[in-house]
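Step one of this worksheet: look at the structure below.
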Amino acid sequence: MKKTIFLTLLCSLVLPVVAAAGTDDDVAAKPNVIYVESATVAPGSDAMLTVRLKSSNAYVTAFQFDLCLPADVTIDGDVSGAIRKSELETSNHQLYAAWMKSGDCRVICYSSGNDKLKSREGEAAVIDIKVDGSVKPGTYPIILRNVEIARVDGRASSKLSKVQTTLTVQTADIPTDIQTAGTGEGTDDATYNVLGQKVKKLRRGQIGIRRGKKTIEK
């Protein structure tokens, strides 16, 4: 309870001014937004979600969001260890996470020295999740509520009431087109995801095919 109250008060200090509010289901259309990258996972697997920041008009010093995951998709372990800052933050930035009464997990990143993030766009946080084996294949929403982005220049911040992306759950059965991807003889060095699309790299927990064999990235 104390930690939840602390985070709420902290939010009011580092993110005091809001320019506009809205709902965003089309992440690509927003120039200033925080969102979770859409991902594909398997039932009963551990995976990692990537939180990305876009800020087109100014450098950012702080941000916050309330994370809502689909049913039976949970944060892997204690939130303080399972939600971590990433490549954008400086060593002076702190990232805190705590459960709220609503069941959402509030995440706040700030710098007491008003340091700017290293870039206006990139990977802002990573989240370790567990997908229960009972989750049926399908597409589920990942929702961020109360998204706020504080500019380093102290001018009006950006606020979104809702940002929604998707989590696709697929079984470990690789489609036929994946099994025959490449040469068909297991000599293709390319990596494919469960949809048969060539990718540079699988994320942890993702299922794919490499050199003619099914693989799960660890």
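Restricted to strands (runs of 3 or more DSSP E) entirely inside region 59-154, those with at least 1 residues that are surrounded by fewer than 18 Cβ atoms within 10 Å (Cβ to Cβ) and either of a type outside the set (Asp, Glu) or modelled with pLDDT under 95 (or both) are 60-68, 73-75, 83-85, 93-99, 121-131, 138-151. Could you tell me which residue of region 23-34 is modelled with the lowest pLDDT, considering only residues that are under 18 Å from PRO141 (Cα atoms) and open to solvent by less than 40 Å² (accessible area, probe 1.4 Å)? Per the stated criteria, the residue is ASP24. All of (1) modelled with pLDDT under 95; (2) of a type outside the set (A, V, I, L, M, F, W, C); (3) surrounded by fewer than 16 Cβ atoms within 10 Å (Cβ to Cβ) hold for LYS159 with one exception: (3). State yes or no: is GLY184 of a type outside the set (A, V, I, L, M, F, W, C), on the phi > 0 side of the Ramachandran plot and modelled with pLDDT of 90 or more? The answer is no for GLY184.
For region 36-57, the set of residues classified as open to solvent by less than 40 Å² (accessible area, probe 1.4 Å) and part of a strand (DSSP E or B) consists of VAL36, ALA39, THR40, VAL41, ALA47, LEU49, THR50, VAL51, LEU53, LYS54, SER55, listed by residue number.
The values are calculated or read from the model by the stated rules, or taken from the named source; none is laboratory data. Computed from a predicted model, the values in this text were never measured in an experiment. Glycine also receives a Cβ, built like all others from the backbone with ideal geometry; neighbour counts cover every protein chain displayed. Areas reflect the complete protein model, heavy atoms only, side chains present, ligands, DNA and RNA absent. Shrake-Rupley method; radii C 1.70, N 1.55, O 1.52, S 1.80 Å.
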